[in-house]
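A short worksheet on the structure shown next.
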Amino acid sequence: MSLYGILAVFGEPEALVEAAGGMRDRGYRHMDAFSPFPIKELDQILEIRGSRLPWIVLAGGIASAALAYALILYSVEIDYPINVGGRPLHSWPPFLVIAFEAGILGAAFAAFFGMLAANGLPCYHHPVFNAEGFGYARGGKFHLLVETADPKYRKGVTKGQLRRLGAESVEEIEA
């Protein structure tokens, strides 16, 4: 039986933020927090980087719009050119509508698959799921996980520090 980390349960979001800050001040770096809603202060304490998802969505939208416009140009000018009513083969105003819609569709797909990749989904199992106190059945609690991979981690010392920081309960998580 190998240990993945220690999970501390807190009743209030402020207590979680204080505990995370306290553990950070003590030198712990390999931590994660679980909350029923986003807590902005935790991003800085846990050093959570900003998302690259907006850039992925922009790239997906531009790439799919360009691809759609190129497909239209190929089909109208090279593959099957038809001169209807003396209009030019490259009549861009109607082509922009289709390219715009394709860009929206490509951005939506990029957002969906980018979000899955950024969150590491699908994640069918995580060691935290083994914890007794971790789940929706126990109510809206706030959890702080200190991983055994942290260089400052010492089983008894880390548990004691979490209890002193106000944890309602502290539980060992098996890997």
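The values are calculated or read from the model by the stated rules, or taken from the named source; none is laboratory data. Everything numeric here is computed off the predicted structure, so don't read it as measured data. Every residue, glycine as well, gets a Cβ built from its backbone with ideal geometry; the counts of neighbours run over all protein chains shown.
Quick check: anything in segment 119-127 out of contact with any Asp or Glu (no Cβ under 7 Å at 6 or more places or on another chain), of a type outside the set (A, V, I, L, M, F, W, C), in a helix (DSSP H, G or I) and surrounded by 14 or more Cβ atoms within 10 Å (Cβ to Cβ)?
Within segment 119-127, the subset out of contact with any Asp or Glu (no Cβ under 7 Å at 6 or more places or on another chain) is 119-126.
Right, trim to of a type outside the set (A, V, I, L, M, F, W, C) and you get 119-120, 122, 124-126.
This time we only want the ones that are in a helix (DSSP H, G or I), so: none.
Looking for residues that are out of contact with any Asp or Glu (no Cβ under 7 Å at 6 or more places or on another chain), of a type outside the set (A, V, I, L, M, F, W, C), in a helix (DSSP H, G or I) and surrounded by 14 or more Cβ atoms within 10 Å (Cβ to Cβ), one finds none in segment 119-127, hence no.
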*Listed residues ALA70, ALA65; which is surrounded by 11 or more Cβ atoms within 10 Å (Cβ to Cβ), among the aliphatic types (A, V, I, L, M) and touching a Gly at 6+ places or on another chain (Cβ under 7 Å)?*
ALA65
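Has segment 132-143 got any residue that is basic (Lys, Arg) and either within 30 Å of HIS30 (Cα to Cα) or in contact (Cβ under 8 Å) with a residue 12 or more places away in the chain (or both)?
Step one: filter segment 132-143 for residues basic (Lys, Arg), giving 138, 141.
This time we only want the ones that are either within 30 Å of HIS30 (Cα to Cα) or in contact (Cβ under 8 Å) with a residue 12 or more places away in the chain (or both), so: 138, 141.
Yes, the conditions are met somewhere in segment 132-143.
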_Residue check for VAL76: touching a His at 6+ places or on another chain (Cβ under 8 Å) and either closer than 30 Å to VAL128 by Cα or part of a helix (DSSP H, G or I) (or both)_ = yes
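Please tell me if GLY160 is at positive phi, assigned by TED's automatic domain parsing to the domain that holds ILE45 and surrounded by 11 or more Cβ atoms within 10 Å (Cβ to Cβ). First the steps, then the outcome.
Values: at positive phi: no; assigned by TED's automatic domain parsing to the domain that holds ILE45: yes; surrounded by 11 or more Cβ atoms within 10 Å (Cβ to Cβ): yes.
The answer is no for GLY160.
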_Can you go through ASN130, ASN119 and tell me which one is farther than 27 Å from GLU41 by Cβ and polar (S, T, N, Q)?_
ASN130
*Across segment 79-118, which residue is surrounded by the most Cβ atoms within 10 Å (Cβ to Cβ) among those that are assigned to a helix (DSSP H, G or I) and among the charged types (D, E, K, R)?*
GLU101
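Might you let me know whether segment 27-41 holds any residue that is over 30 Å from ILE173 (Cβ atoms), surrounded by 12 or more Cβ atoms within 10 Å (Cβ to Cβ) and among the polar types (S, T, N, Q)? Let's see the steps before the verdict.
Step one: of segment 27-41, the residues over 30 Å from ILE173 (Cβ atoms) are none.
Looking for residues that are over 30 Å from ILE173 (Cβ atoms), surrounded by 12 or more Cβ atoms within 10 Å (Cβ to Cβ) and among the polar types (S, T, N, Q), one finds none in segment 27-41, hence no.
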